[in-house]
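Novice: Just dropping this structure here.
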Amino acid sequence: MATDFSTAPFQKIQIQREDTTFDAYVVGKENAPGIVVLQEWWGVDYEIKNHAIHISQLGGGYRALIPDLYRGKVALDVAEAQHLMEGLDWQGAVKDIQASVKWLKSNGSPKVGVTGYCMGGALSIASGVLVPEVDAVVAFYGTPSSELADPSKAKAPIQAHFGEHDSFVGFSDVTAAKSLEEKLKSSGIPYEVHIYPGCSHAFMNTSP
């Protein structure tokens with residue numbers, strides 16, 4: 001497939017699921033272990049692409065894939081981001097993740113993990129519960145609603161990272177992190193929950 005140089009160093013692809021297709025962005029070594037990288041509530045912006053490039057270069061190299069869960073929309077302010085996230089079909093997003101994992105596995109990645117930030121963190125944990133093809137999850141500052149997924153039923157190992165001063169109550173604050181830890185404890189799968197002193201929400205981002 002021809003590379004779209006406007007998205008370099010990413011290869012823009014289309015992935016089919018059921019009766020719909022969506023765009024995704026791939027970077028990294030072919031046939032390397034795969035990582036599906038899930039966006040914050042902003043959409044597929046500079047930050048998430050930066051994360052994917054960094055992940056693809058870790059260790060011996062990975063193949064990172066960002067599914068465009070918002071179908072091309074990117075928020076420019078908090079109100080727009082909240083509107084986009086509230087309008088997201090979360091069950092559909094989980095199906096996008098499953099299709100992304102399957103694409104990586106059918107294109108040379110022997111194992112595939114899922115990572116995500118904020119909204120993507122919540123979805124990555126949900127994928128560890130709902131997507132049997134997922135081999136591991138690393139989530140940053142986000143937990144799924146009980147309607148979406150129950151972490152006590154996780155099937156893949158989960159590592160989760162939170163900031164001590166995160167103020168998103170019930171989603172990514174310390175109480176949410178500790179609640180997640182209790183649920184993961186009862187799941188029987190390997191898990192780690194880390195809470196970082198002095199850190200707020202979105203501490204992995206490079207821009208202010």
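Novice: Gaussian network model of the chain, Cα springs within a sub-10 Å range: biggest mean-square fluctuation belongs to which of HIS161, HIS54, HIS83?
Specialist: HIS83
Novice: From the backbone phi of region 169-182, what are the Karplus-calculated ³J(HN,Hα) couplings (6.51 cos²θ - 1.76 cosθ + 1.60, θ = phi - 60°) in whole Hz, Gly and Pro given as x?
Specialist: Values per residue, Gly and Pro as x: 4, x, 10, 8, 7, 4, 4, 5, 5, 6, 5, 4, 4, 4 Hz.
Novice: To make sure I understand the rule: partners must be aspartates and glutamates, Cα under 17 Å from the Cα of LYS153, and not fewer than 8 residues away in the same chain. Which ones qualify?
Specialist: GLU133, ASP135, GLU181, GLU182, GLU192
Novice: For region 57-208, what size does the Cα cloud have along each of its three principal axes, sorted from largest down, in whole Å?
Specialist: So the extents along the principal axes, rounded to whole Å, are 40, 38, 34.
Novice: Tell me which residues come under 5 Å, amide H to amide H, from LYS155 once H is placed; ignore anything under 5 positions away on its chain.
Specialist: Hits under the 5 Å cutoff: VAL129.
Novice: Tell me which residues come under 5 Å, amide H to amide H, from CYS199 once H is placed; ignore anything under 5 positions away on its chain.
Specialist: For CYS199, whose amide H was placed from the backbone, the distant partners under 5 Å are GLU164, HIS165.
Novice: Who wins for biggest fluctuation among VAL74, VAL114, VAL137 in a Gaussian network model of the chain, springs between alpha carbons below 10 Å?
Specialist: Greatest mean-square fluctuation among the candidates belongs to VAL74.
Novice: Just name one of GLY108, SER186, ILE15: the one whose Cα is farthest towards the positive end of the charge dipole of the chain (beta-carbon charges, Lys/Arg +1, Asp/Glu -1).
Specialist: So the residue we want is GLY108.
Novice: In addition: Among the GluC sites (Glu not before Pro) in region 136-192, which ones are in a DSSP loop with at most 10 other Cβ atoms within 10 Å of the Cβ? Mind listing them? Provide the component values of the computation, followed by the final result.
Specialist: Details: sites: GLU147, GLU164, GLU181, GLU182, GLU192; in loops: GLU147, GLU164.
The qualifying sites are GLU147.
Novice: Right, here's the next one. Applying a 10 Å radius around every beta-carbon, put 173-180, 153-160, 127-134 in order of their mean neighbour count, most first.
Specialist: Per-residue Cβ counts within 10 Å, averaged per peptide and sorted highest first, yield 127-134, 153-160, 173-180.
Novice: Counting other C-beta atoms within 10 Å, and keeping those with at most 16, which DSSP coil trypsin sites (Lys or Arg not before Pro) do you find in region 25-127? Write down the numbers at each step before the final one.
Specialist: Working: sites: LYS29, LYS49, ARG63, ARG71, LYS73, LYS95, LYS102, LYS105, LYS111; in loops: LYS29, ARG71, LYS73, LYS111.
Within region 25-127, the qualifying trypsin sites (Lys or Arg not before Pro) (loop, at most 16 other Cβ atoms within 10 Å) are LYS29, ARG71, LYS73, LYS111.
Novice: Go through region 147-157 residue by residue and turn each phi into a ³J(HN,Hα) via Karplus (6.51, -1.76, 1.60, θ = phi - 60°); whole Hz please, and just put x for glycine and proline.
Specialist: Working through the residues one at a time gives 5, 7, 7, 9, x, 5, 10, 4, 10, 10, x Hz.
Novice: Next question, about the same structure. Which distance in Å, rounded to a whole number, links the C-alpha centroids of region 90-114 and region 47-68?
Specialist: If we compute the Cα centre of each part, the gap is 14 Å.
Novice: Continuing with the same structure: Classify region 122-173 from the C-alpha gyration tensor, please: rounded if a/c falls under 1.5, else prolate or oblate depending on whether a/b exceeds b/c. Write out the running numbers ahead of the final one.
Specialist: Details: a/c = 2.94, a/b = 1.66, b/c = 1.77.
It comes out oblate by the Cα gyration axes.
Novice: Setting aside same-chain residues fewer than 8 positions from LYS155, which lysines have a Cα under 22 Å from its Cα?
Specialist: Partners found: LYS95, LYS102, LYS105, LYS111, LYS178, LYS183, LYS185.
Novice: For region 1-145, give the share of DSSP beta bridges that are antiparallel, in percent and rounded to the nearest 5; count only bridges with both residues there. Before the final figure, lay out the partial values.
Specialist: On the way: 12 of 25 bridges.
Close to 50 percent.
Novice: A follow-up question, please. Going from most exposed to least, what order do MET119, MET204, MET85 have by accessible area with a 1.4 Å probe?
Specialist: Numbers: MET119 0, MET204 75, MET85 40 Å².
So the residues, ranked largest to smallest area, are MET204, MET85, MET119.
Novice: Shifting gears a bit: Residues of the chain: accessible area per residue at 1.4 Å, in Å²?
Specialist: 47 Å²
Novice: Continuing with the same structure: Pull up all non-local amide H partners of ASP173: gap of 5 or more, or a different chain, and H-to-H distance under 5 Å with H placed in the peptide plane.
Specialist: Answer set, sorted by chain and number: PHE168.
The values are calculated or read from the model by the stated rules, or taken from the named source; none is laboratory data. Every value quoted in this text rests on a predicted model; they were computed, and no experiment measured them. Glycine also receives a Cβ, built like all others from the backbone with ideal geometry; neighbour counts cover every protein chain displayed. Protein only, heavy atoms only, side chains kept; ligands, DNA and RNA dropped before computing areas. Shrake-Rupley method; radii C 1.70, N 1.55, O 1.52, S 1.80 Å.
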